[in-house]
Amino acid sequence: MAVHSALLRLQTSGEGEIIDLSTGLASALRSAGVSDGVVTVFVTGSTAAVTTLEYEPGGVQDLQETIERLVPRRRPEGGDYAHNTRNHDDNAHAHVRAALLGPSLSIPLVRGSLVLGTWQQVVLIDFDDRPRERSVHVQIVA
């Protein structure tokens, strides 16, 4: 068994920006030169997440609007999130959103291709309230 690693570095604008990771993942797979295995994609940081999505403008907008309804930037009943109050911060919503979606995915690799649906792409979502440089770790176990 061999383990191949790659690191994707991305500049984000935060505020729920969704970034398609397809190009970076394809590059990591080419560099590894393996045919079959499992690919793990992991973003470091507690205010970003990795998931799959049909990456097209309507799908991106729908996900962003749904997340805003589920975990609004400001609590609808008034007051502030405990994290913001205790830490003199303003990004509690980002931590909660990221925790709900999660920081990683494991995807089967079969005959050199990720096993994804026709319209399914792996995406990074940066929920923080400011631009960030994000590091996405890719590990291929073959």
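The numbers here are math on the coordinates, done by the rules we state, and not lab data. A quick note: this is a predicted structure, and the numbers were derived from the prediction, not measured. Using ideal geometry, Cβ is built from the backbone for each residue, glycine included, and neighbour counts are taken over all protein chains shown.
Kindly provide log₁₀ I(q)/I(0) values, in the same order as q = 0.16, 0.32 Å⁻¹, from the Debye equation applied to equal alpha-carbon scatterers of segment 23-64.
Result of the Debye calculation: -0.64, -1.10.
Ranked highest first by the average count of other Cβ atoms within 10 Å around their residues, in what order do 9-18, 72-81, 56-65 fall?
Packing proxy ranking, top to bottom: 9-18, 56-65, 72-81.
Out of segment 81-113, which trypsin sites (Lys or Arg not before Pro) are coil in DSSP terms and have no more than 10 other C-beta atoms within 10 Å?
Working: sites: Arg86, Arg97, Arg111; in loops: Arg111.
Answer in residue order: Arg111.
So what's the back-of-envelope 222 nm ellipticity for the chain, counting only DSSP H runs of four-plus at -39500 (n - 2.57) apiece and dividing by all residues, rounded to 500?
About -8500 deg cm²/dmol.
Starting from a Cα-only point model with no solvent, please compute log10 I(q)/I(0) by Debye for the chain at q = 0.12 1/Å.
Calculated log10 I(q)/I(0) at the listed q: -0.51.
Could you tell me the largest-minus-smallest coordinate of the C-alpha atoms of segment 69-142 on each of the three principal axes, in descending order and whole angstroms?
Sorted from largest, the Cα extents of segment 69-142 read 52, 23, 18 Å.
Just going by the charge dipole of the chain, with Lys and Arg at +1 and Asp and Glu at -1 on Cβ, which of Leu10, Ala98, Leu109 is farthest out on the positive end?
Of the candidates, Leu109 comes out farthest on the positive side.
Would you work out which of Gly24, Leu63, Val39 lies farthest towards the positive end of the dipole of the chain? Charges go on Cβ: Lys and Arg +1, Asp and Glu -1.
Selected residue: Val39.
Between the helical axis of 22-32 and the dominant principal axis of the chain, each derived from Cα atoms, what acute angle in degrees is found, rounded to the nearest 10?
Helix 22-32 sits roughly 40 degrees off the main axis of the chain.
About its Cα centre, what dipole magnitude does the chain give when the only charges are +1 on Lys and Arg Cβ and -1 on Asp and Glu Cβ, stated in debye to the nearest 20? Write out the running numbers ahead of the final one.
On the way: 12 positive and 17 negative charges, 85 e Å.
Rounded to the nearest 20 debye, it is 400 debye.
Give, as a single signed number, the net charge of other residues whose beta carbon lies under 13 Å from the beta carbon of Gln120, with Lys and Arg counted +1 and Asp and Glu -1.
Spelling it out: positives minus negatives among the neighbours equals -3.
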